[in-house]
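The values are calculated or read from the model by the stated rules, or taken from the named source; none is laboratory data. Since the structure is predicted, the reported quantities are computational estimates derived from the model, not experimental observations. Here the Cβ positions follow ideal geometry from the backbone for every residue, glycine too, while neighbour counts run over all protein chains shown. Just the protein is used for accessible areas: all its heavy atoms, side chains included, with ligands, DNA and RNA removed. Shrake-Rupley method; radii C 1.70, N 1.55, O 1.52, S 1.80 Å.
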Amino acid sequence: MSIFYEKEQKVFHLQTKSTSYIMRIVKNNYLSHVYWGKKIHTPEMENAQLNWLIGFSATTDNEDKTYSLDFVCQEYPTGCGTDFRIPAVSAVYGDGSRNVQLLYQEHHITAGKPGLPGLPAVYVEREDEADTLVIRLSDPLKKLSVDLMYTAYRERDVITRSVRVINEGREDVVLEKVLSASVDFETADFDFITLPGAWGRERHIERTTLRSGVQSIESRRGASSHQNNPFMALAGKDATETSGDVYAFHFVYSGNFTAGVEVDQLFKARAFIGLNEYDFSWTLEPGQDFQSPEAVLVYSDGGFGKMSRILHDLYRRRLVRGRYRDEVRPILANNWEATYFDFDEEKILALAKEAADLGIELFVLDDGWFGRRDNDNCSLGDWYVYDEKLPGGIAGLASRIKEYGMKFGLWFEPEMVSPDSDLYRSHPDWCIHVPGRMRTECRNQLILDLSRQEVRDHIVAAVSHVLDTAEIGYVKWDMNRHMTELGSAGLDSRRQKEMPHRYMLGLYEVLEKIVSSHPDVLFESCSGGGGRFDPGMLYYMPQTWTSDDTDAVERLSIQYGTSLAYPVSTMGSHVSAVPNHQAGRVTSLKMRGDVAMSGNFGYELDLMRLTVEEKEMVRGQIRQYKDLRTFVPSADMYRLLSPFDGNHTAWMFVSKDGNDIFAAYFEILCEVNPGIRRMKFTALDPDAVYEVVGEGCCYRGDELMEIGLVVDCFGDFQSRTWRLKKN
Ligand code: DGJ
């Protein structure tokens, strides 16, 4: 068991492989937070927990002037009465009152980890992998109960949290806020790490010092977004890639979220993560309940590198599902940057033939194959073939591509509708809208209202029909705008603010149905590139198109930042043309290949324009990737040089058995006479001998780590890779 309850001290102690998370029931049955960090014995509570009287903090117990919730570290704060800091939950009762008081009622501990109904969540395959604690807190006056759910993994340093709110009273309760986790720390000696960005510049690492007040990130866009990722970490000020304390919080959700920290008057920190209260409310009728999405919590005493490796292992083994969790991912060619909308069957087949000759295994037909779609003005929703472009239909095209020895993949954007489409003309109220208001278009499209069952059923049927009538081995599921004019024709007036979350639940229902009924299809999610790169989407689709920005230099930052929380096995990563279509930059084909190889590899350019020498190089890259994909996707990643610190980036991968190593080094701009530069490897066996494959030399692990190998670069946009094998 990884969870213990010590009756005498009323202490809950969750123990993962090397961490402890401790809570205690304190005076008047409030649940307090005691500790989260390195694994320890259950401490003496007199020492571990303090009560202090501080001015202008009302006391929670009129008999005890040292007892104030404004001071006590809490587990799930409500803001009730004496705590003036950020609450995790707020509600309005039938009489208009808003105080929520949550007191301990009962708890139970079971082996395993239950799924969350209708929501993505990390999972277990065997009951002995983890234990789950449910602590019931209740408001004695209003009969509102909250089940705090914790899972502690026995062999991973991972704790998950979620919350279920149950209305056990006789009146409706309107939930205005339900966070998934809140953790109080006694000090605020941390830096705040987040992954903000923009379209084409996703997940750049930002590190700022905590200051008094609230610092937070959020999305109000109806998607987890390019602009912020539902991830944050608190790191000791001295934390680096290889050392120091890091506390990571990751929200398994794809819609509006909030994540942040409040530093209070005594320099304590309250970290929180969950659904954004902006544009959220949920009416609970008597007897109904509300389940929050899940938050993943990871503590690392080995800096950011260890934190990432814990998250990577968790996500690739216990978040991602289906056949492609374990199988190698095919090398693909995508026609988007080769043709955009300007293609016909002949052109696609010529591209596909070229791809097959080069050794590519999957050909993906992107946007433009349906309705009358010659540009982005029309046809989303009309998921039937554009027969003038593709007279043989999708089935015909798929079978020709199969004859070339490749699988066939297809692009969809099922959540959207173009005003110029048959679907919109038949169902103008199926989109998110507010009656009487302008329906703002973005990329000339509106969003289908997935909070409505008939809309969801239509999407499942339309997509399934295409998948079931042609041999399709891969789907790219795109989503290219954010929500405006929030409203649903399917919800009554008091439930309009439920729409954004109901949309996400609807999306998850649609995905579950389509993905589970097509177990052999590899699904890749996309939202204008990396606008919905989050653990929620990864539960349904094992990989995400990392960014529309395919420039190799830009990709160093994007992929490095993304790797803070996500394994490379989840990142789509393609070689594209030069000058690059997003950045205008001309980088070497070698560097483009080397960057893309640290991800799910593919090509997204007009292969027919490659020179004979370039084609030879592409063949070599494909051979190289076929070797790398046998271990890199499941390997431990070590980030060695950060693109955010300067001109060089380096990272390496060590297979789980330690026998196979891949390392990559990138120099962006040439430096003349830069002095001696070496690639110093890490995480090798110091006594073992490693062969540098293809170079005919062998070195001991300690030499590779302490002295390293010389790196020689000439010219801009250079890269160097090493493939080591332990002898
Ligand atoms: C946005 C995606 O990110 C691109 O890769 C491409 O699929 C376009 N949409 C197609 O419209």
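Structure summary
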quantity: Sole exception among (1) more than 16 Å from the ligand (Cβ to nearest atom); (2) closer than 30 Å to L589 by Cβ; (3) surrounded by fewer than 22 Cβ atoms within 10 Å (Cβ to Cβ) for G528, by number; calculated: (1)
quantity: Count - residues of region 502-525 that are within 16 Å of the ligand (Cβ to nearest atom) and out of contact with any Gly (no Cβ under 7 Å at 6 or more places or on another chain); calculated: 2
quantity: Neighbours by Cβ (under 7 Å, 6+ apart or cross-chain): first from region 491-506, over 12 Å from I432 (Cα atoms); second charged (D, E, K, R) and part of a helix (DSSP H, G or I); calculated: G506/R456
quantity: Residues of region 377-386 satisfying the condition of being outside any strand (DSSP E or B) and more than 16 Å from the ligand (Cβ to nearest atom); calculated: Y384
quantity: Hey, T42 touching a Gly at 6+ places or on another chain (Cβ under 9 Å) and touching a residue at least 24 places away in the same chain (Cβ under 8 Å) or not; calculated: no
quantity: Wholly within region 634-695, strands (runs of 3 or more DSSP E) carrying at least 3 residues that are within 18 Å of P567 (Cα to Cα); calculated: 636-641, 648-654, 660-667
quantity: Within region 615-645, considering residues that are open to solvent by less than 40 Å² (accessible area, probe 1.4 Å) and without any contact (Cβ under 8 Å) to a residue 60 or more places away in the chain, the one farthest from the chain's Cα centre (by Cα); calculated: G620
quantity: Region 402-433, subset hydroxyl-bearing (S, T, Y) and over 31 Å from the mean Cα position of the chain (by Cα), residue most open to solvent (accessible area, probe 1.4 Å); calculated: S426
quantity: Per-region count, region 294-335, residues touching a strand residue (DSSP E or B) at 6+ places or on another chain (Cβ under 6 Å), under 30 Å from I360 (Cβ atoms) and open to solvent by 20 Å² or more (accessible area, probe 1.4 Å); calculated: 2
quantity: So G118, is it under 30 Å from D301 (Cβ atoms), in contact with a helix residue (DSSP H, G or I) (Cβ under 7 Å, 6 or more places away or on another chain) and open to solvent by less than 60 Å² (accessible area, probe 1.4 Å); calculated: no
quantity: Restricting region 685-697 to residues that are under 26 Å from Q621 (Cβ atoms) and open to solvent by 70 Å² or more (accessible area, probe 1.4 Å), the residue that is farthest from the chain's Cα centre (by Cα); calculated: G696
quantity: Condition broken by T42, with the remaining ones in (1) among the hydroxyl-bearing types (S, T, Y); (2) outside any loop (DSSP other than H, G, I, E, B); (3) surrounded by fewer than 22 Cβ atoms within 10 Å (Cβ to Cβ) satisfied; calculated: (2)
quantity: Criterion (touching a Phe, Trp or Tyr at 6+ places or on another chain (Cβ under 8 Å) and at pLDDT 95 or above) met by exactly one of G506, G490, G528, G602; calculated: G528
quantity: Subset of region 423-463 [hydrophobic (A, V, I, L, M, F, W, C) and either in a loop (DSSP other than H, G, I, E, B) or modelled with pLDDT under 95 (or both)]; calculated: I432, V434, M438, L450
quantity: Yes/no for T570 being in contact (Cβ under 8 Å) with a residue 12 or more places away in the chain and among the hydroxyl-bearing types (S, T, Y); calculated: yes
quantity: Selection count where residues are within 16 Å of the ligand (Cβ to nearest atom) and open to solvent by less than 10 Å² (accessible area, probe 1.4 Å), scope region 344-376; calculated: 13
quantity: Tally, over region 168-207, of residues that are open to solvent by 20 Å² or more (accessible area, probe 1.4 Å), of a type outside the set (A, V, I, L, M) and farther than 17 Å from D264 by Cα; calculated: 11
quantity: Subset of region 655-684 (residues that are open to solvent by 60 Å² or more (accessible area, probe 1.4 Å) and in contact with a Gly (Cβ under 8 Å, 6 or more places away or on another chain)); calculated: R678, K680
quantity: Residue match in region 387-401 (condition: farther than 20 Å from F523 by Cβ, under 32 Å from the mean Cα position of the chain (by Cα) and more than 16 Å from the ligand (Cβ to nearest atom)); calculated: no
quantity: Unmet requirement for L704, which otherwise passes all of (1) surrounded by 18 or more Cβ atoms within 10 Å (Cβ to Cβ); (2) outside any helix (DSSP H, G or I); calculated: (2)
quantity: Residue check, R443 over 27 Å from Y386 (Cβ atoms) and open to solvent by 50 Å² or more (accessible area, probe 1.4 Å); calculated: no
quantity: Search result, residues across region 465-477 that are open to solvent by less than 20 Å² (accessible area, probe 1.4 Å) and free of Cβ contacts under 8 Å to residues at least 60 places away in the same chain; calculated: L467
quantity: Residue list for region 478-499, filter: of a type in the set (S, T, Y) and either surrounded by fewer than 16 Cβ atoms within 10 Å (Cβ to Cβ) or within 16 Å of the ligand (Cβ to nearest atom) (or both); calculated: S493
quantity: Residue check, R154 of a type outside the set (A, V, I, L, M) and open to solvent by 20 Å² or more (accessible area, probe 1.4 Å); calculated: yes
